[in-house]
Each structure stands twice: as structure tokens, then as C-alpha cells.
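S.K.: Shown below is the structure under consideration.
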């Protein structure tokens with residue numbers, strides 16, 4: 001593949017660039033041939049592959065518009081934000097995939113990360129065994145991981161269940177391109193993350209007891225008063241519920 005440049009992480013980026021040169025041309029065709037595809041979506045494909053003897057995960061962030069390409073050059077693209085956030089969080093010992101390299105390709109950018117332990121995202125796990133003991137452990141793990149992120153002064157920015165992976169012991173945070181420091185209104189930013197998680201919990205049918213498992217774990221790990229957190233959640237919950245009602249035409253039973 002022509003026109004590939006290592007943006008960050010040369011140790012891993014150079015061997016990946018060499019592998020990309022083998023062809024075929026085009027990032028998606030290359031991933032289809034050389035990776036085990038884990039996700040294919042308009043917003044970016046994800047595949048597992050071996051680089052320099054290690055199993056890694058490669059995510060493609062397409063840049064189809066002039067604005068998206070400008071953001072790449074200004075170093076504020078989705079891929080570069082995800083790379084920087086992942087590096088910062090991994091250095092603090094938070095449960096994320098450690099980014100190894102970021103490369104620019106003709107159609108956008110790639111982020112190569114260390115592979116996470118085998119697991120399933122929360123939405124998939126819940127659908128397979130709703131209300132099970134493992135699901136309860138998953139909810140507690142999600143509360144602990146989200147509290148740890150907030151305790152370090154970060155927000156996730158898109159804390160839906162498909163962005164949380166449970167390996168049976170730890171809840172890992174995925175898709176970090178909206179992740180950053182909580183700066184202007186930290187309580188509101190924390191509440192938006194918890195609200196996003198809550199709305200997903202309502203949609204998949206988590207009951208009040210299961211939600212309390214998550215909430216208790218979050219407050220135990222991160223501190224704070226339950227009443228204040230629930231009050232902080234209400235504006236974000238109202239917006240998210242209204243948006244989902246307009247989009248999907250369904251209203252779930254509220255948990256908070």
C-alpha cells in the first residue's frame with residue numbers, strides 16, 4: 001500500500017508499514033486479507049493480526065471528508081485522540097488496550113494496540129445470559145472501572161455497553177476517541193458517562209437490583225454520595241432517553 005506514514009510509535013509502526021506494503025491496495029481490502037476481522041462498520045473496522053511476533057488489534061478510522069482530513073493534519077483526529085488517551089490511561093494502570101502505533105494511510109488512519117484478554121462486550125454478554133451471576137459480576141466490574149477512570153480525572157465520552165469488554169475478571173474500556181480530561185464541569189461529565197451506561201442498562205432490561213450492583217460498585221470505588229450522583233444524572237438521562245425515543249420509538253422502564 002502506498003502513501004503510508006508512521007505518525008507515532010515507530011517501534012511497532014515500521015513493521016506494520018512493511019506489512020501494509022505487501023498489498024492489496026486499499027485499507028479495507030488489506031484488512032480483509034491479512035486480519036481476523038472483529039468488527040466492520042462505517043465508522044471503522046477492527047481486526048486482529050500478528051505484528052513482530054505479538055498478537056495485536058488494528059482499528060481503521062476512515063477520513064472521508066475534507067474536515068476529517070484537516071483534523072488528521074492538525075493532530076486532533078479520532079485516531080490520534082484515541083491513541084493519546086489510550087497511552088495516558090494505560091500509563092496510569094487503567095483497564096484499556098495499550099496503543100502501540102498510529103499510522104496514516106490514504107483513506108484515513110490506523111491505530112495498532114496490544115490485544116486484550118479474551119472476552120465479550122457487555123451487551124453481548126447480557127444478551128447471552130441476562131440476570132446471571134456472571135452478569136452481576138460484570139455490572140460490578142463496570143462500576144469499578146468507570147469509577148477508576150473518573151478518579152483519574154478523565155471522562156469516557158461514549159460509555160455504551162458495546163464499548164465495555166468483560167473478560168470474567170475486569171471490565172476494559174474500549175473506543176477512546178471521545179475520552180479526555182474532565183475540565184470544565186467535572187460532575188456533569190462524570191454524570192454523562194454514568195447516564196449513558198444507565199440508558200443502555202434500561203434498554204437491555206436490567207432490573208433495579210442489577211442496577212444497584214453497578215451503582216454500589218461505582219460509589220464504593222469512586223466515593224461520593226448516592227443522592228448527589230442520582231440528581232446529577234437527571235439532565236443527561238432526560239436528553240438521552242428523549243433521543244432514543246425519537247430514534248427507536250421505544251421507552252424503557254427507568255432505573256434512576
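S.K.: Pull up the range 93-102, narrow it to residues that are touching a residue at least 40 places away in the same chain (Cβ under 8 Å) and in a loop (DSSP other than H, G, I, E, B), then point me to the one that is farthest from residue 141 (Cα to Cα).
M.R.: 97
S.K.: If the requirement is being at pLDDT 90 or above, outside any helix (DSSP H, G or I), assigned by TED's automatic domain parsing to the domain that holds residue 152 and under 25 Å from residue 127 (Cβ atoms), which of these qualifies: 216, 175?
M.R.: The conditions single out 175.
S.K.: Can you name the number of the only condition in (1) touching a helix residue (DSSP H, G or I) at 6+ places or on another chain (Cβ under 9 Å); (2) under 16 Å from residue 178 (Cβ atoms); (3) crowded, with 19+ Cβ neighbours inside 10 Å that residue 56 fails?
M.R.: Failed condition: (2).
S.K.: On to the next question. Select from the range 109-120 the residues that are in a strand (DSSP E or B) and surrounded by fewer than 20 Cβ atoms within 10 Å (Cβ to Cβ) and list them in ascending order.
M.R.: Of everything in the range 109-120, those that are in a strand (DSSP E or B) and surrounded by fewer than 20 Cβ atoms within 10 Å (Cβ to Cβ) turn out to be 114, 120.
S.K.: A follow-up question, please. Could you tell me whether the range 227-246 includes any residue that is touching a helix residue (DSSP H, G or I) at 6+ places or on another chain (Cβ under 8 Å) and assigned to a loop (DSSP other than H, G, I, E, B)?
M.R.: No, that holds for no residue.
S.K.: Look at residue 194 and say whether it is over 21 Å from the mean Cα position of the chain (by Cα), outside the structural domain of residue 40 (by TED's automatic domain parsing) and modelled with pLDDT of 95 or more.
M.R.: no
S.K.: Something else now. Considering only the range 126-146, state which residues are closer than 27 Å to residue 100 by Cβ and crowded, with 20+ Cβ neighbours inside 10 Å.
M.R.: 141, 142, 145, 146
S.K.: From the list 189, 227, pick out the single residue that is within 22 Å of the chain's Cα centre (by Cα) and at pLDDT below 95.
M.R.: Only one candidate passes the filter, namely 189.
S.K.: Further question on the same structure: If a residue counts only when it is without any contact (Cβ under 8 Å) to a residue 60 or more places away in the chain, farther than 18 Å from residue 7 by Cβ and within 16 Å of the chain's Cα centre (by Cα), which strands (runs of 3 or more DSSP E) contained entirely in the range 24-92 have at least 2 such residues?
M.R.: 36-39, 46-51
S.K.: Failed condition for residue 162, given (1) closer than 21 Å to residue 235 by Cβ; (2) surrounded by fewer than 24 Cβ atoms within 10 Å (Cβ to Cβ); (3) touching a helix residue (DSSP H, G or I) at 6+ places or on another chain (Cβ under 7 Å); (4) free of Cβ contacts under 8 Å to residues at least 60 places away in the same chain, with all others met?
M.R.: (1)
S.K.: Applying the selection to the range 1-13, what residues are surrounded by fewer than 15 Cβ atoms within 10 Å (Cβ to Cβ) and either part of a strand (DSSP E or B) or without any contact (Cβ under 8 Å) to a residue 60 or more places away in the chain (or both)?
M.R.: If the condition is that a residue be surrounded by fewer than 15 Cβ atoms within 10 Å (Cβ to Cβ) and either part of a strand (DSSP E or B) or without any contact (Cβ under 8 Å) to a residue 60 or more places away in the chain (or both), then 5 is the only one that fits.
The values are calculated or read from the model by the stated rules, or taken from the named source; none is laboratory data. Everything quoted here is computed from the prediction, not taken from an experiment. So basically every Cβ, Gly included, is an ideal-geometry build from the backbone, and we count neighbours across all protein chains shown.
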